[in-house]
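First comes the structure, then the notes that go with it.
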Amino acid sequence: MRPRPGEVLHFSEDPTITLFRPHVAATARHPEAFVWAVDAARAPDYWFPRQCPRAMAWTVPGTTEDDKERILGPGGGERVHAIEYGWLPRLLHVELFAYRLPAASFRPVGDPVPHAHVSTTPVEPLGAPEPVGDLLRLHQDAGIQLRLLDNLWDFWDAVTAGTLGYSGIRLRNATPRATS
């Protein structure tokens, strides 16, 4: 599930949205009100239940072979997503929808590489929301490893200390770090 040219996507478990209004997200780092969406490169970051904590890593031009081997593993492709075992049932059964939105009303945000697109004006979807379908199949078809872990933090620490590109979403919902 990726946007077509001239589109960005908004993923939601709510299939009844008819107008996206700018708002300040509860977890926002920016004080401005936005409508949030993603492009084709970042769409896989949202092939999850909304509240599911996930740690993701992918190769970038500066990725070392050592880090690629250490994080992605042999035959690991170019990208890995990790979630905790406790989220697997929800991942398998969530009804997730994609809203196609006109890209012209959005601008990229994120530095140095955009991680999302935002609009400061209300946005109407280009049509009815589309069921995203089987999230495991989406990962498989995209060549993205989906890794199940007891706890995300050791993986997250390894990823953020290396040379891969990475993103963590809803990490506040992850199992707390193990204490020693």
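Might you let me know whether region 7-22 holds any residue that is out of contact with any Cys (no Cβ under 7 Å at 6 or more places or on another chain), of a type outside the set (Phe, Trp, Tyr) and closer than 24 Å to ASN151 by Cα? No. The condition of being aliphatic (A, V, I, L, M), at pLDDT 95 or above, farther than 21 Å from TRP156 by Cβ and in contact with a helix residue (DSSP H, G or I) (Cβ under 6 Å, 6 or more places away or on another chain) holds for VAL123. Does HIS10 count as assigned to a strand (DSSP E or B), at pLDDT 95 or above, within 17 Å of LEU152 (Cα to Cα) and out of contact with any Gly (no Cβ under 7 Å at 6 or more places or on another chain)? The answer is no for HIS10. Taking every residue in region 24-49 that is under 30 Å from GLN145 (Cβ atoms) and pairing it with any residue that is of a type in the set (Asp, Glu), at least 6 positions away or on another chain, the pairs with Cβ-Cβ distances below 8 Å are VAL38/ASP45; PRO49/GLU13. Can you confirm whether ALA158 is over 26 Å from PHE34 (Cβ atoms), hydrophobic (A, V, I, L, M, F, W, C), surrounded by fewer than 17 Cβ atoms within 10 Å (Cβ to Cβ) and over 16 Å from the mean Cα position of the chain (by Cα)? In short, yes. When region 164-180 is filtered for residues that are under 19 Å from the mean Cα position of the chain (by Cα) and of a type in the set (Val, Ile, Thr), the ones remaining, listed by number, are ILE169, THR175.
Only one of the numbered conditions (1) out of contact with any helix residue (DSSP H, G or I) (no Cβ under 6 Å at 6 or more places or on another chain); (2) part of a loop (DSSP other than H, G, I, E, B); (3) farther than 25 Å from PHE20 by Cβ is not met by GLY133, and that is (3).
The values are calculated or read from the model by the stated rules, or taken from the named source; none is laboratory data. Since this is a predicted model, take the numbers as computed values, not measurements. Positions of Cβ are generated from backbone atoms using ideal geometry, with glycine treated the same way; all protein chains shown enter the neighbour counts.
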